[in-house]
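What follows draws every value from the coordinates through simple rules; no lab data is involved. This is a predicted model, so every value here is computed, not measured. Because the Cβ atoms are built from the backbone with ideal geometry, glycine has one as well, and the counts that use them run over all protein chains shown.
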Amino acid sequence: MTKVSFESNLSDVLTQYLEYCEIEKNLSQNTLKMYHFYLTDFIEWLRAFLKKDKVTPADITDENIKKYRLDLNRRISSKSNMEFKRSTQKTFLVAIRALLKYLVVEEQLEIMSPEQIILGKSDDRVPKVLNEEQMK
């Protein structure tokens with residue numbers, strides 16, 4: 001595998017990261033598919049936000065993550081036509097944290113620490129109560 005640097009194309013880094021997750025971490029194909037979805041969304045957002053054709057690990061900054069979180073919070077789901085739930089937003093951020101951890105630990109890049117991304121509190125889930133008819 002090619003050594004990742006601050007100037008590596010983030011799209012190429014994503015491919016390398018997903019291969020690492022598949023081989024070294026033995027993640028399921030479904031998890032890999034979702035990581036690809038979430039991280040591609042982030043990379044595309046970062047390109048548009050920074051108005052750049054190529055984004056790099058150096059572009060993953062605390063300020064850019066805050067702006068992305070704001071975008072996620074205001075974004076409307078194409079499926080439900082409602083704002084993303086906190087749990088959905090959190091899942092996007094978990095994928096970014098996992099990528100950052102890979103860059104810091106495996107690639108030894110001195111970039112933003114994954115712990116700087118505070119996941120925040122999810123909406124409390126209220127259990128559904130079944131009536132007698134539903135329990136039969």
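At-a-glance table
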quantity: Amide H partners (placed H, <5 Å) of residue 54, local residues excluded; calculated: none
quantity: Per-residue ³J(HN,Hα) for the range 84-94, Karplus 6.51 cos²θ - 1.76 cosθ + 1.60, θ = phi - 60°, Hz, x for Gly and Pro; calculated: 4, 5, 4, 5, 5, 4, 4, 5, 4, 5, 4
quantity: Label-point gap, in nm, between residue 75 and residue 34 - each point 7 angstrom along Cα→Cβ; calculated: 1.5 nm
quantity: Distance (nanometres) between label positions extended 7 Å along Cα→Cβ at residue 15 and residue 44; calculated: 1.8 nm
quantity: Identified option (computed semi-axes √(5λ) of the Cα gyration tensor in Å; candidates (1) 23, 18, 13; (2) 27, 18, 14; (3) 31, 19, 14); calculated: (3)
quantity: Residue 24-residue 133 FRET efficiency (beta carbon distance; Förster radius 30 Å; 0.05 resolution); calculated: 0.05
quantity: Whole-Hz ³J(HN,Hα) from phi, Karplus 6.51 cos²θ - 1.76 cosθ + 1.60, for the range 22-37, glycine and proline x; calculated: 5, 7, 7, 9, 6, 6, 5, 4, 5, 5, 4, 4, 5, 4, 4, 4
quantity: Simple spin-label estimate for residue 116 and residue 61 in nanometres, 7 Å along Cα-Cβ; calculated: 1.0 nm
quantity: HN-Hα J in Hz across the range 5-11 - Karplus 6.51, -1.76, 1.60, θ = phi - 60°, x for Gly and Pro; calculated: 10, 4, 9, 5, 5, 4, 5
quantity: The chain, relative contact order [Cα under 8 Å, separation at least 6], %; calculated: 24 percent
